[in-house]
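Any read-out appearing in this document is the output of simple, stated calculations on the displayed coordinates, not a laboratory observation. All values derive from a computational prediction rather than experimental measurement. Note that each Cβ is placed from the backbone with ideal geometry, even for glycine, and that neighbours are counted across all protein chains shown.
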Amino acid sequence: MPKRTDIKTILLIGSGPIVIGQACEFDYSGTQACKALREEGYRIVLINSNPATIMTDPELADRTYIEPITTDIIEQIIQREQPDALLPTMGGQTALNAAIALTEQGILKKYGVQLIGASYEAIRKAENREEFKLAMARIGLRTPASAVARSREDALRAMDEIGFPAIIRPSFTLGGTGGNIAYNREEFESFTEWGLSASPAGEILIERSIIGWKEFELEVMRDTKDNVVIVCSIENFDPMGIHTGDSITVAPAQTLTDREYQVMRDASLRIMREIGVDTGGSNIQFGVNPADGDLVVIEMNPRVSRSSALASKATGFPIAKIAAKLAVGYTLDEIPNDITRVTKASFEPSIDYVVVKIPRFAFEKFPQADPTLTTQMKSVGEVMAIGRTFKESLQKAIRSLEVDRYGFDPHPSLEEGDPEETVAQIRERIRRPDAERLWHVADGLRMGISVEELHGLTRIDPWFLNQLKDLLSVEDQLAREKHPLAPERLREAKALGFSDRRLGELLQVSEAEIRKQRLKAGVTPTFKRVDTCGAEFQALTPYLYSTYETECESRPQATRKVMILGGGPNRIGQGIEFDYCCVHAALALRDMGYETIMVNCNPETVSTDYDTSDRLYFEPLTEEDVLSIVETERRAGELLGVVVQFGGQTPLKLALPLEKAGVPILGTSPEAIDRAEDRERFKALLEKLDLTQPASGLARSVKEATAIATAITYPVMVRPSYVLGGRAMEIIYDEKSLQAYIGKAIKASAKHPILIDKYLEDAIEIDVDALSDGTQVVIGGIMEHIEEAGVHSGDSACSLPPYSLSPTLVEEIRRQAVALARELHVIGLMNIQFAIRDGIVYVLEVNPRASRTVPFVSKAIGVPLAKLAMQVMMGRTLAQIGFTTERTPAHVSVKEAVFPFNKFPGTDVLLGPEMRSTGEVMGIADDFGSAFLKSQAGAGSPLPMSGRVFLSVKDKDKMATVALVRRVLELGFTVEATRGTAGYLAQHGVVVNVVNKVMEGRPHIVDHIKNGEIHLVINTVGDKASQLDSASLRRAALVQNVPYQTTLAGARATLMAIEAGLKRKLTVKPLQEYYANP
Amino acid sequence: MGAQMSTMTPAILALADGTVFKGTALGASGETTGEVVFNTALSGYQEILTDPSYRGQMVTMTYPHIGNYGINPEDNESKQPWLAGFIVKEACPYPSNWRSRQSLDEYLRQHGIVGIQGIDTRALTTHLRDHGSQQGLISHTDLDPARVIRKAREAPGIVGRDLVKEVTCAKTYQWTESSGVWAQPNGHARHPFKVVAFDFGIKYNILRRLVDEGYDVTIVPASTTAEEALALNPDGVFLSNGPGDPEAVPYAIAAVRALLGRKPLFGICLGHQIMGLALGLQTYKLKFGHHGANHPVMDLDTNKVEITSQNHNFAVRGGDSAAASHATPWTTPHGRVQLTHQSLNDDAVEGMRCLDLPAYSVQYHPEASPGPHDAGYLFERFTKLMAKGKA
């Protein structure tokens, strides 16, 4: 059937900010959908609150709304744009939930908008646990015994029926938020309470646990003619009981016979038909009893998902693109297979390699969180690796993770201590699955624990365990051999996936030495193509992976080419923003006529789409792997250089080694990067330019530390010198705390000194992104942070343009930024962080590379900075590309950070110097208040326009609070405050209600929050002790989704937003209109 | 691997065009020749090993890990493996599956099948794709490249060779086993028609699927004449899959020609090609054949696509001037023949029906095993045809 002509305009809903369970895979899917549908001539209206996405680039849709994804905002957009159809399957759970709300509130009907891709009924049937269970029973498929509960009483009744362990799954949540496994009544009660509050429908499913069963997933596509294909099967290394997002997964399924696989395939077809997904893709999860093959259906997602992104990258079959085409009426047999170009999309990919995905966690950022892996997803990113065998893929995936492991490094404890005790410890570690389990299992094998016993402890299939065992026995042999290995022996080891680095460790020589010998022996990787068909047809798309085989299919072209190094796995501090920049670099280079080569290992991204660059290498971003690609590409044409400034720290770390190997680094020189990053050199640079930096010192002992802190005066900001990204950074107010910090958390030593900086209390922090061609410097954007300096810049909200700075100060910032860019000879992008206190501008940090804020600034000013930077890096001047003056838009853009606190019970929500946000949203409006209001709604905590405000502030803030409370009262809110705060206010003539602190007896503030009687919380706290005292009230606010502010600056911005909201209704406007009338 | 690899016996694979791959021994030790083909199915190696249609061929599995789930007593497609050799990237020594009874290597040794592993099967597949299927030789005993290439060249090909007589049953027998617990729910009634099945190398799962339909199934040797088959008084005659060149079994073509119009006929794979030749159509050899479980076939009646299991080196086509289409049937001495199924990959004829006689056939495998069950409806179609014949 050809495409539908009865629809002209299609509304597409994005997935909003990056959160755990919903990451850049939905930028990948949304971007593919936009491209695919526009290609067909449809007018695309897009809404997404996340500016750090390719899909929100104004070229990708006809109308791009960076607005909060709420029903009233979407209704306004529908009213303005009159779409004929809504495609809700590309934006994860967020878009599906929005589509359900729009349908149930009659909005779609009112404006005559039809759902395409998935019907309301299909979404309900798939997402509502009870309906799904009934549907499965109708088609003769089994689901684990379960009961639905909407109250505590329901839950307890179900508990008696189901028994333990029981799985609690909230309906309509993503990434299994609020899900858990209860082993006893106490856990059961607390988990059901959490689950009920986590579900937007207040509904949970209590399910008989099939922990330890094997877990499989099938990616399925269906069209209007009822053609169904399975794109990919996935087998989880980790069994049932660990969320699939947190599991190591492998494609294709390894341990199913064809009969068993076909039973699963038949079931998937029946499920697609029964649920009624008739145009698009779905993900279906199965559990299989390893003892007898018993099969149960776990769940299905009637939409594109994280697994479909993985399946797309694993097979070369672009699920999102095809799903979009199916949604407008095409059938699978009408859509060509891009990779072979001779066959059609209606087939099932066959692959001749093994794909391994490993999740990446960030527990180090949440020390109070329980790091046990359960049914709720906790990972923040993932890597994928491709190899000809499982062993090779697994070891490639390990080094792709960037967790400073290049193979199965043993746990440090294996070297020391009593072996028996060590084995006991390993058993203990293995029993409780965590982020390190893969290495714990390896240690177990190393210490002689049998595969049978490990299977018993972990329920990991013996097939996988035996593979690990083989690798460890090879390690064992290698450790007993002498360098240099015979060429054939070395080749064998490389084919098993061993990195040069790990081989060096095993043979006790350097990585460089292994590399030297390897090249001498002619042991180099071959590159094979991902072709969807197991080589049955010729692959025209160069989508490549390395392996050690006999035939290389890289066929480098005789062109002028540029290589872009991507950002690797998403993690806190390095996420989608950098992928956005890499994609822009590729687009700019392509426009300039260069051949573009992308290297990355993150399957969720747009950069790893085979059509983003001319050539895609799906490879780990290590020195060894990147150099192999460089050498291969250099066999033909001219490799002009490598781009390292767009992918965050990952490629930056490779700049020096690459340069040493004679690879040109494009843009700002690694020398200049070093000058900005090396503490001493940077100090000298600032002195030369006569710029100011907060006082600081380097301490190698407790004594030195106290001396420095006394000299520069408290409060001070301390951090170990050897960690990056704000890890273990703390603000210290007195000597006692300083000693505690050094004593407890960190050991100061000559080798690992501690950095101590003067902490500028209540300073305003400023972020500047600038673009320079080496001569001219143009400011991209100056952003004023809402939260004061000391809160990590990635965790602060910010406003572009600044909302409180004097023009003189802004000019001074501009002057300093330009001076820094010139001095460093920046070619490309640079980011500078300043702090302002008492009219003095301090330079905090300079990063001569693309920063996290580049997409936000680009969207705010309507200039694609990363693209321009790429042009500049290729030798064009700013004058040549026509970007010579700073753009100052008339509208205000506010960025707000989004945090994963709701996934980690027990974590305090206070902001600090360590970054913990996973994503961001943007609010755009004509005034700061409205923009901030939108940013809060976009971040999922819409501000109240009336009601009760709870207030408790630290002593230092009390004076400033008086005026604030007056405004709160003027705006018509009632105010509750703790005794101390209320007393202070009363002394200053402001009367508010007094409410008990938690330790003052009941009802206390947490009771009020839980009862829904508080609509906004303003809570600032000082030292650790008072933080602990008040943590439960912040936690309660989080769980009840009551907006909270933990800084006075944030509270002030909140009031400005509420004021704006009371004055006028929020309106919507697409980027295209903002840019047309700047 | 790795650990074991250095201690493994070396082996060699040579192709007639002089290409050589070095690997290590798998299965029974020795030397073997056959036509080298590749199969892209991700699972189902046990079914492939025991499919008599691979007689005379050495099968390369494109998926690198083979043997992961071992060998079990249920998933056989005949009483033994028939293929000439087996070629894999990595054979799993520690199978893991609740039904597994032995490893792939053990099984191959037990049945005397010579194999090779540790070779770049993707390079081999690409080579076969570009240069066509050809004769090859696997040796564990002679590792001299020049000699093995010469032996590969000397090995007999499959064109014009009657491989059917090597795999067909010796005498007539009954089959009563159904798919049992593995049966797909189909909801339609069972019909106790009497079916005579010509065994050109029949797969067990075809027999199980015929029994699933309710039929009383009698299997007869490939050399059975039309008169002998008719003497059994069947309601319909089934023509099975089988190995090699359809032109090499003139006796079967003659039998089918004599049965056309006298009994409802249903042919699969070689049965389909034999029916084609009996109808007066032609067959030809494909460059590298269709072997896999992901082949899209368009049902021209409904314009729906089914994902099919395929294993054929030859295909049917009309006479010189006759292009196939659903709308314009071929004219044959036996009346009009309509194209019903076509490969979406290369437009090859995948199914046909006689418009003037009760007969139809498909090139691919509706019985799957291994592969998807999308085409299972074709068995039900046989019921309808026989019911019509009886009415």
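Observations on the model:
- Taking every alpha-carbon pair within the stretch A:307-355, the share separated by more than 17 Å comes to 33 percent.
- Each Lys and Arg contributes +1 and each Asp and Glu -1, all at the Cβ; summed about the Cα centre of chain A, the dipole is approximately 1060 debye.
- Inter-part distance where the stretch A:539-596 and the stretch A:865-887 are each reduced to a Cα centre, Å: 22 Å
- Look at A:Met945, A:Met240, A:Met592 and count the other Cβ atoms within 10 Å of each Cβ; fewest to most, that gives A:Met945, A:Met592, A:Met240.
- Gain on full extension, evaluated as 0.36 nm per residue between A:Glu453 and A:Asp292 minus their Cα-Cα distance, stands at 56.0 nm.
- For the protein assembly as shown, the spread of Cα positions along the three principal axes, ordered from largest to smallest, is 115, 71, 68 Å.
- Protection proxy ranking, peptides B:107-114, A:60-67, B:149-156, average beta carbon neighbours within 10 Å, highest first: A:60-67, B:107-114, B:149-156
- Hull volume in cubic angstrom per residue (convex hull over the Cα atoms of the stretch B:241-356): 103 Å³
- Scaling against 2.2 N^0.38 Å puts the C-alpha radius of gyration of the stretch A:256-333 at 1.19.
- Counting every pair of alpha carbons in the stretch A:9-113, the share spaced more than 18 Å apart comes to 39 percent.
- Counts of other chain beta carbons within 10 angstrom of each beta carbon in peptide A:465-477 average 3.
- At q = 0.09, 0.11, 0.15, 0.17 Å⁻¹, base-10 log of I(q)/I(0) for the stretch A:585-718 (Debye sum, equal scatterers on each alpha carbon): -0.43, -0.58, -0.82, -0.93
- Here, P(r) means the percent of Cα pairs in each 5 Å bin from 0 to the largest distance; for the stretch A:185-233 it is 5, 14, 13, 12, 11, 15, 15, 9, 4, 2, 0.
- Sequence-distant lysines (8 or more away, or on other chains) whose Cα lies within less than 20 Å of B:Lys263: B:Lys194, B:Lys384, B:Lys388, B:Lys390
- From helices alone, the protein assembly as shown scores -10000 deg cm²/dmol at 222 nm; the rule is -39500 (n - 2.57) for each run of n ≥ 4 DSSP H residues, then divide by the residue total.
- Percent of Cα-Cα distances greater than 16 Å, calculated over the stretch A:1-64: 42 percent
- Phi angles of the stretch B:138-154 translate, via the Karplus equation with coefficients 6.51, -1.76, 1.60 and θ = phi - 60°, into HN-Hα couplings of 10, 9, 9, 10, 10, 9, 7, x, 4, 5, 5, 4, 4, 5, 5, 5, 7 Hz per residue; Gly and Pro are given as x.
- The stretch A:415-553 pair-distance distribution - Cα-Cα, 10 Å bins, rounded %: 11, 30, 28, 24, 6, 1
- By the count of neighbouring beta-carbon atoms within 10 Å, fewest first, A:Leu771, A:Leu295 end up ordered A:Leu295, A:Leu771.
- Helix B:377-390 and the longest principal axis of the C-alpha atoms of chain B enclose an angle of approximately 30°.
- Three-way shape call for the stretch B:320-391 based on the alpha-carbon gyration tensor, with the a/c threshold at 1.5: oblate
- Per residue, the convex hull spanned by the Cα atoms of the stretch A:503-608 measures out at 165 cubic angstrom.
- Mean per-residue shielding of peptide B:58-65 is 5, counting Cβ atoms of other chains within 10 Å of each Cβ.
- Seen from every direction in turn and averaged, the convex hull around the alpha carbons of chain B projects onto 18.6 nm².
- Peptide A:528-534 has a mean of 4 when you count, residue by residue, the C-beta atoms of other protein chains within 10 Å of its C-beta.
- log10 of Debye I(q)/I(0), alpha-carbon scatterers only, for the stretch B:2-154 at 0.10, 0.11, 0.12, 0.14 Å⁻¹: -0.30, -0.37, -0.44, -0.60
- P(r) of the stretch A:358-472 over all Cα-Cα pairs, binned every 5 Å from zero, in whole percent: 2, 11, 20, 22, 23, 15, 6, 1, 0
- For a straight C-alpha distance cut-off of 15 angstrom, the aspartates and glutamates reachable from B:Lys287 (same-chain residues fewer than eight places away being disregarded) are A:Glu536, B:Asp17, B:Glu35, B:Asp130, B:Asp245, B:Asp346, B:Asp347.
- Alpha-carbon radius of gyration plus Dmax, which is the widest Cα pair, for the stretch A:73-186 in Å: 17.6, 53
- For the stretch B:164-390, the relative contact order is 18 percent, taking Cα pairs closer than 8 Å that sit 6 or more residues apart in sequence and dividing their mean separation by the residue count.
- Near A:Tyr594, no amide H atom lies under 5 Å from its own; only residues 5 or more places off or on other chains count, and H is placed 1.01 Å from N.
- Calculated on C-alpha atoms, the gyration radius of the stretch A:873-1011 divided by its Kirkwood radius gives an Rg/Rh of 1.12.
- The distance separating the Cα centre of the stretch A:126-187 from that of the stretch B:147-224 comes to 47 Å.
- Stokes-Einstein translational diffusion, the stretch A:60-140 - Kirkwood Rh over all Cα pairs, 0.890 mPa s, 25 °C, in µm²/s: 179 µm²/s
- ³J(HN,Hα), Karplus 6.51/-1.76/1.60, whole Hz, each residue of the stretch A:16-25, x for Gly, Pro: x, x, 6, 9, 5, x, 8, 10, 6, 4
- The Cα atoms of the stretch B:164-390 give a gyration tensor whose axes a ≥ b ≥ c have a/c under 1.5, which makes the shape rounded.
- Approximating the spin labels as points 7 Å out from Cα along Cα→Cβ, the A:Glu811-to-B:Ser29 distance works out to 9.1 nm.
- Diffusion of the stretch A:215-286 by Stokes-Einstein, at 10 °C in a medium of 1.306 mPa s and with Rh set to the Kirkwood radius over alpha-carbon pairs, works out to 126 µm²/s.
- Estimated vicinal HN-Hα couplings, Hz - the stretch A:1025-1040 in sequence order (Karplus 6.51, -1.76, 1.60; Gly, Pro = x): 4, 6, 5, 5, 4, 9, 4, 5, 6, 5, 4, 4, 4, 4, 5, 7
- When only Cα pairs below 8 angstrom with a gap of at least 6 residues are kept, the stretch A:475-633 shows a relative contact order of 18 percent.
- Counting other Cβ atoms within 10 Å as a rough exposure proxy, the listed residues A:Leu332, A:Leu865, A:Leu12 run A:Leu332, A:Leu865, A:Leu12 from fewest neighbours to most.
- Label point at A:Ala1025 placed 7 Å out along Cα→Cβ; residues across the stretch A:939-967 whose backbone nitrogen lies under 20 Å: A:952-958
- One decimal place: the segment A:Gln880-A:Ile840 gains 10.8 nm when fully extended, by the rule 0.36 nm per residue minus the C-alpha distance.
- Helix axis angle, B:250-259 relative to chain B longest principal axis, alpha carbon, degrees: 30 degrees
- Rg to Rh quotient for the stretch A:762-847, alpha carbon positions, Kirkwood Rh: 0.95
- Legend: calculated FRET efficiency, A:Arg560 to A:Lys520, from the Cβ-Cβ distance at R0 = 35 Å, rounded to 0.05, equals 0.70.
- Cα centroid separation, the stretch A:264-315 to the stretch A:421-456 (Å): 31 Å
- Given A:Lys357/A:Lys378; A:Lys3/A:Lys35; A:Lys396/A:Lys520; A:Lys365/A:Lys683; A:Lys859/A:Lys895, the pairs whose alpha carbons are separated by over 18 Å: A:Lys396/A:Lys520; A:Lys365/A:Lys683
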